[in-house]
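The values are calculated or read from the model by the stated rules, or taken from the named source; none is laboratory data. Since we're looking at a predicted model, the values are computed, not measured. Please note: Cβ atoms are built from the backbone with ideal geometry, for glycine as well, and neighbour counts cover all protein chains shown.
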Amino acid sequence: MGILSRLLGAPAPEDRPLLVAAAAAIDRELAANIELASLWDQTHQAVVFENAEFARHAAALRRLTSGAFDFELLDEVYTRMPSVESAMERRGPVNSIKPEDKSFVETWEGDVREAQRWLRAAVDAPAPSAWALLVARLRTRGNRPNVR
């Protein structure tokens, strides 16, 4: 990787094992949460999701993917976890589940699967070219508020 790429924010080659480890840990955690949601779907008993690996690896993952991927989806999945757990706990008459709560949980499950695909793509992606890094940096600069 050239000097220009490093100046533009490309992760160092020695950071690759850290990216792989962080993505794998979060991917396993998301898979476990999907299993817990499936268990809820079968038993209608509320569950508590895991989130320790995301808390441990989020900063490194955000830094190492250098904005080339949609980290916000992953962040949103974890942000919505308490709301999903609350939806699982709510009950109607005769211990029934409201259709909107079931839909909310199922939508979240779909987002979790998309986040897993994103993680796997982030690990399998080739190192960004200097041109791609430059374009990404220019795009993010346009989104920043003017601070003087």
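Numbers below:
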{"item": "Any hit, the range 73-89, residues being assigned to a helix (DSSP H, G or I), of a type in the set (Ser, Thr, Tyr) and either buried (at least 17 other Cβ atoms within 10 Å of the Cβ) or in contact with a helix residue (DSSP H, G or I) (Cβ under 7 Å, 6 or more places away or on another chain) (or both)", "result": "yes"}
{"item": "Condition check for residue 57: of a type outside the set (Asp, Glu) and surrounded by 15 or more Cβ atoms within 10 Å (Cβ to Cβ)", "result": "yes"}
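Residue-by-condition table, conditions (1) among the hydroxyl-bearing types (Ser, Thr, Tyr); (2) surrounded by 15 or more Cβ atoms within 10 Å (Cβ to Cβ); (3) at pLDDT below 85:
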residue: 14; (1), (2), (3): no, no, yes
residue: 21; (1), (2), (3): no, no, no
residue: 26; (1), (2), (3): no, yes, no
residue: 32; (1), (2), (3): no, no, no
residue: 45; (1), (2), (3): no, no, no
residue: 53; (1), (2), (3): no, yes, no
residue: 61; (1), (2), (3): no, yes, no
residue: 70; (1), (2), (3): no, yes, yes
